[in-house]
Amino acid sequence: MTDVLVLGSGVAGLTAARTAADAGLSVTILTKGEMAASATRYAQGGVAAALSPGDSPALHFSDTLSAGGGLCDPEAVRVLVGEGPDRLRELMALGASFDRTGDGGAGAPLALAREGGHSLARVVHAGGDATGFEVERALVAATAGHPGVTIEEGWLALSLYTENGHVAGVMAVPPSAGSWVDGSRAGVGPVGGATAPVLVPARHVVLACGGAGQLFSVTTNPALSTGDGVAMALAAGAAVADVEFMQFHPTALHHPAMPRPLLSEALRGEGAVLRDEQGVAFMAADHPLADLAPRDVVSRAIARRLVERGLDHLWLDATGIDDFPHRFPTIWAHCRDAGLDPTRDWLPVAPAAHYLCGGVVTDVDGAASLPGLWACGEVACTGVHGANRLASNSLLEGLVFGARAADAMVGPLRAARLRESDVMTWPPDVRRPPSIDPPSADDVRGLMWRHCGLLRDGRGLDQVIARLDAWHALVRTAVQVRGTDRGLQRVRSIVTVGLMIARAALRRTESRGGHFRTDFPDRDDIKWRKHISDVQRNRDSRPSN
Ligand SMILES: Cc1cc2nc3c(=O)[nH]c(=O)nc-3n(C[C@H](O)[C@H](O)[C@H](O)COP(=O)(O)OP(=O)(O)OC[C@H]3O[C@@H](n4cnc5c(N)ncnc54)[C@H](O)[C@@H]3O)c2cc1C
């Protein structure tokens, strides 16, 4: 039996795996695609850390708290900003190469970019706008050759296996024969017929399964980001919180491609300006930081204008950026593929689902609320993001909390204590299913996008919940009758997590961070400066599909 079973091979899973293996634990990484398949590799802007002489963890702390809309956990943020610089230096020591100023030589100072919500330039980047690719490359190289690490690609984890209240492994589907599918909406992993799930036992299980942008029909997230980790934690009875705070990135390229190509906030950091359909630069009217306001503010400023004016996109004017192809080669290539020249053309933009701020509740060491279960990276709710993530804090979160979880596993098994301010939601009200087929993933995404997206209201959320409740029951029946295949499993994850997001969004009768209710447009600190979490107690602990 392996000591540590890590589910996922993005920045968080690889950091946890390598750190645990360095501490002498035996580690197995089980990942549903190829090793490098992750949201991590698509990260553009960079990693935020207080590294420059004019910066400090205290300033990074206050910027993170301001973006978080009053719901960040100050202790977790202190850990993030305090340990971040050293974790980043460790990553560089492992071989990750970040952009530098001047001649770019190894001794030159790091080139730092500024992004929305940061009071100064503190974002380290690689290859101009290919930071995630370099982070993933360096971590895969360091982990793949590690003698303490076994890698299992193409395995789909389905559910957590618990024994006497402890998480003691997962039920997972091994790879079946066939070709790889990655980056498409169809799925991730080897294509083939259904294969029976097997129990993979472990002393510790680390959820590092990433986010859930694929719950929405318009997203920047790759096909693998279907919220599997949150769905597994919910089903096992682990606490999940803050999922109503889905961050919508304001500037995805308005283009039929899905996932939507991202036009990083770093463009605005370098002087790009949002313009409306008449060419007016409008952000200064909405926020003192204008185009560099926090993401939720910019996304809503765009969404409001789109709705009021019956438009489907506005414009990003990046024509003033010097040496665009060199500074932003990935974005340049996306634009050229779409027939756009960013040095001459304004770029059509609209918001897209981007980042799940909430997730599996953990303490500052990554321990979830069930002994033996850990979570890190986007799947986790460490408390660092509150209601709205500060740009470029997520790669940093994976580095810091992935390593902390691994360090803590060397000690005794334990579970996170739930925050006293948590508000428990009600358990799912599963209605009797009519005898029809379960929905397609696109049915769910369309529903979520229409009624649980950037602008929400009670009526729309009621509709989402009623529909998802019925679909949830249908999916369960289908799993019981015909077993799980990859397609059904994907639908099960997105229906389960979608239902929880919609319930929390209905319950939160205010607007804050990534959650905006048109029927409750104001922030209500008296009633709602607290978290909504869901713990389904007394769950069946037997292995299940
Ligand atoms: C286009 C884009 C740009 C971004 N830019 C930035 C940026 O500049 N800076 C920043 O800080 N953040 C950025 N982000 C966010 C950041 O990339 C992610 O939050 C972060 O990489 C998440 O890392 P992770 O390790 O938690 O998950 P991921 O990197 O998503 O990895 C999840 C892993 O889990 C595996 N997995 C999932 N489900 C299962 C299952 N059921 N069984 C087995 N394996 C499973 C997946 O295959 C994958 O390997 C960006 C995101 C996107 C999409």
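The values are calculated or read from the model by the stated rules, or taken from the named source; none is laboratory data. All values reported here derive from a predicted model rather than from experimental measurement. Glycine also receives a Cβ, built like all others from the backbone with ideal geometry; neighbour counts cover every protein chain displayed. The protein model used for the area step is the full one, side chains on, heavy atoms only, and it has no ligands, DNA or RNA in it. Shrake-Rupley method; radii C 1.70, N 1.55, O 1.52, S 1.80 Å.
So between Arg459 and Glu75, what do we pick up on full extension, going 0.36 nm a residue minus the alpha carbon distance?
Details: separation 384, 0.36 × 384 = 138.24 nm, distance 3.70 nm.
Gain on extension, Arg459 to Glu75, equals 134.5 nm.
Give me the extension gain from Thr343 to Arg476: residue separation times 0.36 nm, minus the current Cα-Cα distance, reported in nm with one decimal. Walk me through the numbers before you get to the answer.
Details: separation 133, 0.36 × 133 = 47.88 nm, distance 5.14 nm.
Between Thr343 and Arg476, full extension yields an extra 42.7 nm.
At 1.4 Å probe size, put Tyr355, Tyr161 in order of accessible surface, largest to smallest. Walk me through the intermediate numbers first.
Numbers: Tyr355 5, Tyr161 30 Å².
Ranked list, largest accessible area first: Tyr161, Tyr355.
So how strong a dipole does segment 335-393 carry about its Cα centre when Lys and Arg Cβ are +1 and Asp and Glu Cβ are -1, to the nearest 20 debye? Present the calculation step by step, with values, prior to reporting the outcome.
On the way: 3 positive and 6 negative charges, 24 e Å.
Charge dipole, segment 335-393, about its Cα centre: 120 debye, nearest 20.
Can you sort Leu468, Leu340 by 1.4 Å-probe accessible area, starting with the largest? Could you put the intermediate results ahead of the total?
Values: Leu468 0, Leu340 30 Å².
Descending accessible area places them as Leu340, Leu468.
Averaged per residue, what accessible area in Å² does the chain show with a 1.4 Å probe, protein chains only? Show your work: numbers first, answer last.
Working: 19520 Å² over 545 residues.
For the chain, the solvent-accessible area averages 36 Å² per residue.
Under 5 Å between amide hydrogens, which residues at least 5 positions from Thr150 or on another chain qualify, with H placed 1.01 Å from N in the peptide plane?
Val27, Thr28, Ile29
Largest first, how would His125, His354 line up by accessible area (1.4 Å probe)? Walk me through the numbers before you get to the answer.
Values: His125 10, His354 30 Å².
Solvent-accessible surface, decreasing: His354, His125.
Output the peptides 315-322, 269-276, 392-399 sorted from most to least packed, where packing is the average of other Cβ atoms within 10 Å over each peptide's residues. Mind dumping the intermediate values first?
Details: 315-322: 17.5, 269-276: 19.5, 392-399: 28.6.
Taking the mean over residues of other Cβ atoms within 10 Å, the ranking is 392-399, 269-276, 315-322.
Report the accessible area of Trp528, computed with a 1.4 Å probe over the heavy atoms of all protein chains in place, in Å² rounded to the nearest 10.
10 Å²
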